[in-house]
Amino acid sequence: MAAAAAAAVRRKKLGSQGMEVSAQGLGCMGMSGLYGPPKPSQDMIELVHHAVSSGVTFLDTSDAYRDNELLLAKIGSIGSR
């Protein structure tokens with residue numbers, strides 16, 4: 001199923017250096033509790049892995065999103081940049 005999902009995620013050129021990102025991104029702000037209580041870390045880690053394995057390469061994150069980047073650091077390497 002992941003292979004079929006990866007084929008469905010379009011890619012777009014980013015800038016002039018030849019880099020490409022997925023046209024669909026994953027907004028990470030809500031993972032750390034800015035839209036209600038924080039979500040369970042393990043659930044959010046699984047969500048990020050699912051998104052990346054489906055072809056999403058653009059993760060919207062910020063240190064302003066409370067512990068958001070600390071959560072993503074728990075994931076470690078999830079693919080090429």
Would it be correct to say that residue 42 is part of a helix (DSSP H, G or I) and modelled with pLDDT of 90 or more? yes
A careful count of residues in the range 25-39 that are surrounded by 13 or more Cβ atoms within 10 Å (Cβ to Cβ) and assigned to a strand (DSSP E or B) gives 2
In the range 10-28, the residues that are modelled with pLDDT of 90 or more, out of contact with any Leu (no Cβ under 9 Å at 6 or more places or on another chain) and among the aliphatic types (A, V, I, L, M): 19, 23
Scanning the range 45-68 for residues that are among the polar types (S, T, N, Q) and not in a helix (DSSP H, G or I) gives 54, 57, 61, 62
I'd like to check something: does the range 58-66 contain any residue that is closer than 24 Å to residue 14 by Cα, of a type in the set (Val, Ile, Thr), surrounded by 15 or more Cβ atoms within 10 Å (Cβ to Cβ) and in contact with a Leu (Cβ under 8 Å, 6 or more places away or on another chain)? yes
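The values are calculated or read from the model by the stated rules, or taken from the named source; none is laboratory data. Just so you know, these numbers come straight off a predicted model, no measurement behind them. Note: ideal-geometry Cβ built from the backbone for every residue, glycine included; neighbour counts use all protein chains shown.
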